[in-house]
Amino acid sequence: MNMSFWKKLEAVDVRLIFLVIWIAVGIPLLTPLYLPLSISPDTVKYQAAIDALPADVVVVFGMDVSPAGYGGELGPQARATATHLFRKPVKLIFLTFWETGAPLIEDVWKNKFVVDAMKDKKYGVDYVNLGWIPGTETGMASFATDVWKTLEKGDYKGTKLADLPMMAKVKTISDIYMLVCIETGTPGGPEYLRQWQARNPQMKMLVGSLGVSVPANIAYVAAGQYISILRGGRGATEYQRLLGIMTTADVMGSDAMTMSHVIVLVFLIVGNLGYFATRKAKPAKT
Amino acid sequence: MSFYKRKEIPILLTTFIALVMIFSTFFKVKAAQDFASTMQTWVLVIVNFTVILGIVMITRMHKGRIEKRKPGDNSWIFSVWLIVLVVFYFLLGVYGVESSRSATPTRNPAFAWVYTNINVALDSAMYSMLAFFISSAAFRAFKARTKEAAVLLLSAAVIMLYNAPAGSVIFGPLAEQFNALSEWILNVPNMAGFRGILIGAAVGAISLGIRVMTGRERGYLGAGE
């Protein structure tokens, strides 16, 4: 191939790169491509752990997310997890140690699959929303040692815990059977491990994480501290597929994510081909 | 030196509380555990006051930028915009608590609407712009200039594709081998590195704790030392 082609490619206008990614992501957002999908073992284990929940146990749903994380990868994870949990005969506690996560708990409840799953559930009896607990990791420690003292303000509506029947048997972390944490970052899974699982080693943990945090979190899965992990957008899509709750919008989002990854990979390959092609042409150093 | 300015008092307080907290973690003594629980509740209350402090500080900082504006530099407009939004959202929050008669303003439809439809959308948009910058960086900067860079590049490409929803399917009959390679990268070299970082950070945290308790680390007492 003509060497000038690679030189031109090396000096390509950055706006052209932006345009290519814009088109590649834009097409699946306009019309779903229904790209094929495999299911990873971690997602299967995540689903199986929720399926295996005994009746009437208390499960905490930690909505520890930022708006950016929620808007992308974690929103679908949270909605799928909430749908699945509401289908089970367990007691659910929604809370967050991220002030940005508090308004999003009710947003999850607005999802049509979640609405269907929770239609027979009664607030205060089957599920509660404790809202934002301040203090990050110290807040977690406080909750672990004394739930009622930590939440003297009551739940997110200000209802005292004494008026929420399901909270009667939730006094400390020892009363929690499982924690499902949808996390953007710190505080998240590792902080729950230190403050909750260290105090109650029997407590099971599932974590839904951003794709970028998976390499850091995978160590806890291998150690057996997390039962399993949902891996970013891919994990969310796989879980939705397993639960049969994938909408066209979810397919579009998933396809767009795949396309963006593929395009970055193509740019990596082309960029390196150009680098090697032009490098050979350079005179050797004396 | 004034009694109140002496550094020994906060150091003694810090050391005493730290020792009680550590003791209450390892020994089931009710008095110590009650004390630790009360301290943790105090933190929850203090954190709320730090939010007020944060609002005051950010307002002061941007007020200074507006006052020191120079001709031809219009960036001070963003400071005005920031202060307007801080005040607006604060008032909306107060109104939300009052109007919804709840513990949090998020019950108020106006507050919730602004949050879900503006904050979430804008924050997601900022995050998604990474796709453009990463693409540009992938093409222009991420080159296999050395053997180490080549290994990094290859690992990054494999894991990136593995994290994509349709990533492994692209490889068709080789999908299983691709998955195995991705898992190996994540579970062996990646995990070894992260465990090293985690253990190092934990040892560092213990060292820092000891330095704080013995008064060798005084940065938290304020500037100057």
Of the residues B:54, B:209, B:172, which exhibits the maximal mean-square fluctuation in a Gaussian network model of chain B defined by a 10 Å Cα contact cut-off? B:172
For chain A, the helices passing both cut-offs (Cα extent along own axis of 20 Å or more, Kyte-Doolittle mean at least 1.6, full DSSP H runs) are A:14-30
Hey, if you put +1 on the Cβ of every Lys and Arg and -1 on every Asp and Glu Cβ in the stretch A:41-246, which of A:180, A:239, A:54 ends up farthest toward the positive end of that dipole? A:54
Please give, to one decimal in nm, the separation of the simple spin-label points placed at residue B:49 and residue A:44, each 7 Å out from Cα toward the Cβ. 5.5
Summed residue charge, Cβ within 13 Å of residue B:105's Cβ, Lys/Arg positive, Asp/Glu negative: 0
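When a/c reaches 1.5 or more, the comparison of a/b and b/c decides; with that in mind, is chain B rounded, prolate or oblate per its Cα gyration tensor?
Oblate.
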Run the numbers on the stretch B:3-131 and let me know its relative contact order in percent, using alpha-carbon pairs under 8 Å that are six or more apart. 9
Compute the distance from the alpha-carbon center of the stretch A:79-151 to that of the stretch B:8-60, in whole Å. 26
So for B:97, A:57, B:87, B:120, fewest C-beta neighbours within 10 Å to most, what's the order? B:87, A:57, B:97, B:120
Taking a 29 Å limit on the Cα-Cα distance, which of the listed pairs B:7/B:30; A:91/A:157; A:121/A:204; A:204/B:30; A:149/A:204 fall beyond it? B:7/B:30
Mean separation of Cα contacts under 8 Å (6+ apart) over length of chain B, as relative contact order %: 17
Tell me, how many Å apart are the Cα centres for the stretch A:7-51 and for the stretch A:223-251? 16
Using only DSSP helix segments of four residues or longer, with each worth -39500 (n - 2.57), what per-residue ellipticity at 222 nm results for chain A after dividing by its residue count and rounding to 500? -14500 deg cm²/dmol
I want the local charge near residue A:254. Using Cβ-Cβ distances under 10 Å, sum +1 for each Lys or Arg and -1 for each Asp or Glu among the other residues. -1
Mind checking which of B:198, B:167, B:144 is farthest towards the positive end of the stretch B:135-210's charge dipole, using Cβ charges of +1 (Lys, Arg) and -1 (Asp, Glu) about the Cα centre? B:144
If B:132, B:88 are placed from fewest to most neighbouring beta carbons inside 10 Å, the sequence is B:88, B:132
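Summing -39500 (n - 2.57) over the DSSP H runs of n ≥ 4 in chain B and dividing by its residue number, what mean residue ellipticity at 222 nm do you reach, to the nearest 500 deg cm²/dmol?
That calculation yields -24000 deg cm²/dmol at 222 nm.
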Scalar couplings 3J(HN,Hα) for the stretch B:146-160 by Karplus 6.51 cos²θ - 1.76 cosθ + 1.60 (θ = phi - 60°), nearest whole Hz, x for Gly and Pro, are 10, 5, 4, 5, 5, 5, 4, 5, 5, 4, 4, 5, 5, 5, 4
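About its Cα centre, what dipole magnitude does the stretch B:135-225 give when the only charges are +1 on Lys and Arg Cβ and -1 on Asp and Glu Cβ, stated in debye to the nearest 20?
In debye, rounded to 20, the stretch B:135-225 gives about 340.
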Check which residues have an amide H placed less than 5 Å from residue B:217's amide H, if you skip close sequence neighbours. B:212
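What ranking of A:261, B:62, A:84 emerges when the number of other C-beta atoms within 10 Å of each C-beta is taken as an exposure proxy, fewest first?
B:62, A:84, A:261
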Those trypsin sites (Lys or Arg not before Pro) from the stretch B:90-161 that are DSSP loop and have at most 16 other Cβ neighbours within 10 Å turn out to be B:101, B:145
Summing +1 for each Lys or Arg and -1 for each Asp or Glu, what net charge is found among the other residues whose Cβ lies under 13 Å from the Cβ of residue B:45? +1
Near residue A:122, which aspartates and glutamates are there with a Cα under 19 Å away, not counting those fewer than 8 places off in the same chain? A:56, A:106, A:107, A:155, A:163
For the stretch B:135-210, what is the relative contact order in percent, using Cα pairs closer than 8 Å and at least 6 residues apart in sequence? 17
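Throughout, read-outs are computed from the coordinates displayed, never taken from laboratory work. These numbers come from a predicted model, not from an experiment. All Cβ positions, glycine included, derive from the backbone under ideal geometry; neighbour counts span all protein chains shown.
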